[in-house]
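Here's the structure we're looking at; comments come further down.
The values are calculated or read from the model by the stated rules, or taken from the named source; none is laboratory data. None of the values given here were measured: they were computed from a predicted structure. Methodologically, a virtual Cβ is constructed for each residue, glycine included, from the backbone with ideal geometry; neighbour enumeration extends over all protein chains shown.
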Amino acid sequence: MTRGHLKLWAAAAGGAILALAGQATAQPAAPPPDTDSITAAIAAGHLLLDVRGRWENVDQTKTRTLTEDANAYTVRTQLGWETGAWHDVKALLELQDVAHLGPEDYAVNPPGATTPPLNGAAKARYPVVNDPDEVELNRLQLAWSPVKEFTATVGRQRILIDDQRFIGNVGWRQNEQTFDAARAEFAVMGFSGTYVYLDRVNRVLGPSSDWTSDSHLLNLAYAIAPQLRLEGFVYALDFSNSAINSSITEGGRVTGKAPLGPLQLTYGATYARQGNYHSGPTPHFDLPYWDATLGASWKEFTGKLDYEQLDGNGVRGFTTPLATTHGFNGWADAWAAPGGNKSFVDGIKDLSGSLAFRPPLKAPFFFNPELTAIYHDFHDERTGAGLAHEFDVMATASFTRQLTGLVKVADFQRNGAVPIGTAAPPPSRTKVWIGFEYRL
């Protein structure tokens, strides 16, 4: 709020008081507002509001225990306030509520868990939909930015690094993943960097599943030109109450884009290695990761071809426990490993192709439509055997500047049999979502 706005509100309030009191004589002018105060900074802030309602249906291969489909009707509300700057410092407070509507016909449990569901043993007859009821402090942070090239943030916060393949907020689930952390970021003359110390990971399943952390994240990048961006990273994860997810991952990434006739080409390649780090008596491991992608856009169409390989040794696979994994290896989220993240003990070779179409349609209450289709072919990295395939489709659109909607389907089908010596792939499943989101 500017000084002019404050004077206008002060004048209006003063006029109303005079009218109510029936005073006809002039009153002394009020002192000018203090725009350098903390209260002025709070008043100069803005409201944070995000409401997302969703229906999720899961039809998974039935067993003696799992006998029914899951149906989850959930609503997530995030409400908060971010202040204006006071001596280059901004504060942010955000609360979050996740609640189910109607029957709770779904299980809540870490991926790959063999224990009863967190929302009751009777829920074991349903597939997992990890959107538990929860009311919590989602974010509480202070951000200091003395110059535009540098920001330091401390407190409970959202952290997104690059495409969130390694570090993200798991934004697809209703209960957002946040971090109790100290973070420093800079960007100057093509160079950029992020360092984070993680004290706690506030996971999507609620406080009972949070991880106590003594972890370090470092990401450095140099954008030489639009055609070439170089990046290096080290993610040293140490969780005292989740040793299986403790690891150190070191790697590099190269990305770029360039026109080619009527096409806009994009490319990317990532290599990383993951090994033991600190917590727990976990067996030694040394697992590589590869990813290569090539994309092209023409008018309303964008196509992409991607090959991703997460190695495994038959006991554990390459993991990304802090990633927003829903966007990788299929929206069905079928690949699950003990410890609660997306992985496979034999490793995964994922060859995928996608096509997105943005039709040039615009109506008063329907615009920015987009249709996306993705196909995945999964093979066992250690043995080379075929494991499964998945077909995903999604339609999104905006109805107002604040209101969007989506319809989304993911169909994962495992192969009927795999060779002896190959780990069994996860069971087949089909998931359907219909959702709406209102965001200020």
*Only listed residue being surrounded by fewer than 17 Cβ atoms within 10 Å (Cβ to Cβ), more than 21 Å from PHE328 (Cα to Cα) and touching a residue at least 24 places away in the same chain (Cβ under 8 Å), chosen from ALA258, ALA296, ALA269*: ALA258
*Kindly indicate whether PHE301 is at pLDDT 95 or above and under 24 Å from ALA423 (Cα atoms).*
no
_Residue ID - nearest to THR61 (Cα to Cα), chosen from residues in the range 332-349 that are out of contact with any helix residue (DSSP H, G or I) (no Cβ under 8 Å at 6 or more places or on another chain) and either surrounded by fewer than 23 Cβ atoms within 10 Å (Cβ to Cβ) or polar (S, T, N, Q) (or both)_ = ALA336
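Output yes when any residue across the range 213-222 is crowded, with 18+ Cβ neighbours inside 10 Å, of a type in the set (A, V, I, L, M) and assigned to a loop (DSSP other than H, G, I, E, B), and no when none is. Before the answer, list the steps.
Going residue by residue through the range 213-222, those that are crowded, with 18+ Cβ neighbours inside 10 Å are 213, 215, 217, 219, 221.
Narrowing further to those that are of a type in the set (A, V, I, L, M): 217, 221.
Narrowing further to those that are assigned to a loop (DSSP other than H, G, I, E, B): none.
The answer is no, given that none of the residues of the range 213-222 is crowded, with 18+ Cβ neighbours inside 10 Å, of a type in the set (A, V, I, L, M) and assigned to a loop (DSSP other than H, G, I, E, B).
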_I'd like to verify a number: residues in the range 96-112 that are among the hydrophobic types (A, V, I, L, M, F, W, C), crowded, with 16+ Cβ neighbours inside 10 Å and either touching a residue at least 40 places away in the same chain (Cβ under 8 Å) or under 15 Å from VAL135 (Cβ atoms) (or both), how many?_
2
*Would you point out which residue out of ASP286, ASP180 is surrounded by fewer than 21 Cβ atoms within 10 Å (Cβ to Cβ), in contact with a strand residue (DSSP E or B) (Cβ under 6 Å, 6 or more places away or on another chain) and within 30 Å of ALA107 (Cβ to Cβ)?*
ASP180
_Between GLY347, GLY327, which is under 30 Å from SER215 (Cβ atoms) and within 22 Å of the chain's Cα centre (by Cα)?_
GLY327
*Spot the failing condition for PRO321; the list is (1) under 30 Å from GLY261 (Cα atoms); (2) in contact with a strand residue (DSSP E or B) (Cβ under 6 Å, 6 or more places away or on another chain), and only one is missed.*
(1)
*Starting from the range 52-65, keep only residues that are assigned by TED's automatic domain parsing to the domain that holds ARG429, then list their pairs with residues that are outside any strand (DSSP E or B) and of a type in the set (Phe, Trp, Tyr) whose Cβ atoms are within a distance under 8 Å, requiring at least 6 positions of separation or different chains.*
GLU56/TYR106; VAL58/TYR106; VAL58/TYR126
*asked:* Condition check: over 18 Å from the mean Cα position of the chain (by Cα) and touching a residue at least 40 places away in the same chain (Cβ under 8 Å). Does ASP333 satisfy that?
replied: no
*Could you check LEU322 against (1) of a type outside the set (D, E, K, R); (2) under 18 Å from ASP411 (Cβ atoms); (3) modelled with pLDDT of 95 or more and say which number it fails?*
(2)
